[in-house]
Amino acid sequence: MTAGRHLRDWVRADFGVDLASVDAVSHGADVAAQLWRAVAADGTPYAVKLTGGGTTAGLLVTAHLAELGVDGVAAPVRSRDGHLWTERAGRRLSVAPWVSDAQALAGGMSAAHWRSFGALLSAAHATVVTGELADVLPREDHTHDGLASLVRDLDARLHESPDGADDVTRAVADAWCAGADRVALVLAQADRLGAALRGRDARHVVCHGDPHLGNLLVGDGGAVWLVDWDDAVLAPPERDLMFVVGGLPGFAPVDAQQRAWFFEGYAGEELDQDRLVYYRSVRALVDAADWAAQAADPDSRTDDERARALTIVRGVLAPDGLVELALAPPE
């Protein structure tokens with residue numbers, strides 16, 4: 001039985017949806033997830049996702065926001081027995097409407113799209129957290145011990161230049177070692193700010209956790225949809241707003257005019273610059289370390305995956321990359 005037939009059988013059995021076709025979709029950095037664009041027999045398109053990582057928080061959050069009528073959030077399709085997901089082979093299977101083929105990352109974001117994006121995040125941040133959501137949503141505590149250990153271990157490994165390493169491993173080691181001093185400064189900055197912020201009160205809201213333009217879809221008339229809520233978290237608003245104030249250079253940059261349009265929709269908020277710098281520092285470390293680890297892993301990554309990871313590492317560590325932005329003075 002083909003993988004596509006197997007998936008169609010799962011979706012029919014669990015969700016009562018008959019799929020006529022399924023096509024795999026490249027889905028960013030989440031190696032624990034698989035995504036398909038599927039079309040039902042009646043022509044309705046769906047996003048079908050199978051994941052073994054993260055928590056169920058994203059599905060619960062999107063269902064809750066959609067029930068509240070928040071524009072730009074696609075509610076998951078419920079299973080035959082009323083659940084937001086089912087378990088298959090130790091992984092979660094979920095189905096949601098496929099709302100648009102147009103990624104904001106590809107360009108075409110108008111002023112109306114930016115305002116809608118701001119209004120969407122503003123509505124999410126204003127959401128009252130119910131008991132169920134409070135139980136399942138991770139809560140930001142401004143610690144990053146696991147990430148710090150990964151960065152330090154990776155730094156030691158890549159500085160060793162092991163004998164017999166292939167070309168990609170040597171290339172990522174060269175890129176890492178050239179930027180290692182800057183990475184160390186970012187880690188020290190995150191350590192210092194994290195310690196300070198743990199003792200500072202803050203308003204915790206429902207955050208998407210990763211609202212860059214690669215997770216934003218656009219439609220006619222300024223319509224937008226924010227997808228991939230797998231990193232949903234209770235955190236200060238800056239956790240999300242960091243992606244707009246500065247953006248992700250080389251991948252999803254945001255200029256001053258776009259930022260102004262966004263905050264017209266968001267309705268403004270006084271931002272804590274320390275939190276913005278902290279979250280940007282953590283994101284820079286995550287992008288540098290996770291992609292470097294993938295590029296240096298010949299055993300469980302394809303050649304194409306490793307080449308893509310190497311390109312991203314070089315961009316993150318470039319003079320105009322995210323590591324440098326994390327070290328720049330706040331605007």
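The values are calculated or read from the model by the stated rules, or taken from the named source; none is laboratory data. Source: prediction; values computed, not measured. For neighbour counting, all protein chains shown are included, and Cβ atoms are generated from backbone atoms with ideal geometry for every residue, glycine included. Just so you know, the surface numbers come from the protein's heavy atoms only, side chains and all, with ligands and any DNA or RNA stripped out. Shrake-Rupley method; radii C 1.70, N 1.55, O 1.52, S 1.80 Å.
Brief remarks on what is shown
- The set of residues in the stretch 156-199 that are in a loop (DSSP other than H, G, I, E, B) and either open to solvent by 60 Å² or more (accessible area, probe 1.4 Å) or modelled with pLDDT of 95 or more (or both) comprises E160, S161, P162, D163, G164, R198, G199.
- Filtered residue count, the stretch 80-101, keeping only those that are modelled with pLDDT of 95 or more and either open to solvent by 30 Å² or more (accessible area, probe 1.4 Å) or farther than 26 Å from G53 by Cβ (or both): 8
- Among the residues of the stretch 130-155, those that are at pLDDT 95 or above and of a type in the set (A, V, I, L, M, F, W, C) comprise L147, A148, L150, V151, L154.
- Sole exception among (1) open to solvent by less than 30 Å² (accessible area, probe 1.4 Å); (2) without any contact (Cβ under 8 Å) to a residue 60 or more places away in the chain; (3) of a type in the set (G, A, S); (4) more than 27 Å from V25 (Cα to Cα) for A123, by number: (1)
- Qualifying positions in the stretch 200-225 - touching a Pro at 6+ places or on another chain (Cβ under 6 Å) and closer than 18 Å to H64 by Cα: V205
- Test for L217: is it over 21 Å from Q189 (Cβ atoms) and in a strand (DSSP E or B): yes
- Of all residues in the stretch 261-312, those that are among the hydroxyl-bearing types (S, T, Y) and open to solvent by 60 Å² or more (accessible area, probe 1.4 Å) total 3.
- Inter-residue pairs, beta-carbon under 7 Å, first in contact (Cβ under 8 Å) with a residue 12 or more places away in the chain and in the stretch 276-296, second charged (D, E, K, R), 6+ apart: L276/E238; Y279/E238; Y279/R239; Q294/R301; Q294/E305; Q294/R306; A295/R306
- The sole residue among G214, G179, G194 that is touching a residue at least 24 places away in the same chain (Cβ under 8 Å) and under 24 Å from W261 (Cα atoms) is G214.
- The residues of the stretch 126-140 that are assigned to a loop (DSSP other than H, G, I, E, B) and out of contact with any strand residue (DSSP E or B) (no Cβ under 8 Å at 6 or more places or on another chain), listed by number, are V128, T130.
- Residues in the stretch 220-248 that are part of a strand (DSSP E or B) and open to solvent by less than 20 Å² (accessible area, probe 1.4 Å) were compared, and the one that is farthest from H125 (Cα to Cα) is L248.
- Residues (at pLDDT 95 or above and closer than 16 Å to A74 by Cα) located in the stretch 103-121: S116, F117, A119, L120, L121
Residue by residue, here is whether (1) over 30 Å from C177 (Cβ atoms); (2) modelled with pLDDT under 95; (3) of a type in the set (A, V, I, L, M); (4) over 15 Å from the mean Cα position of the chain (by Cα) holds:
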site: D230; (1), (2), (3), (4): yes, yes, no, no
site: G246; (1), (2), (3), (4): no, yes, no, yes
site: D255; (1), (2), (3), (4): yes, yes, no, yes
site: Y279; (1), (2), (3), (4): no, no, no, no
site: V286; (1), (2), (3), (4): no, no, yes, no
site: D297; (1), (2), (3), (4): no, yes, no, yes
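- Residues (open to solvent by 20 Å² or more (accessible area, probe 1.4 Å) and under 19 Å from V17 (Cα atoms)) located in the stretch 52-74: L59, A74
- Failed condition for V77, given (1) at pLDDT 95 or above; (2) open to solvent by less than 20 Å² (accessible area, probe 1.4 Å): (2)
- Per the listing E264, E270, the residue uniquely in a loop (DSSP other than H, G, I, E, B) and among the charged types (D, E, K, R) is E270.
- Test: residue in the stretch 79-94 that is closer than 25 Å to V218 by Cβ and touching a residue at least 12 places away in the same chain (Cβ under 8 Å): yes
- Lone unmet requirement of (1) part of a helix (DSSP H, G or I); (2) touching a Cys at 6+ places or on another chain (Cβ under 8 Å) for R259: (2)
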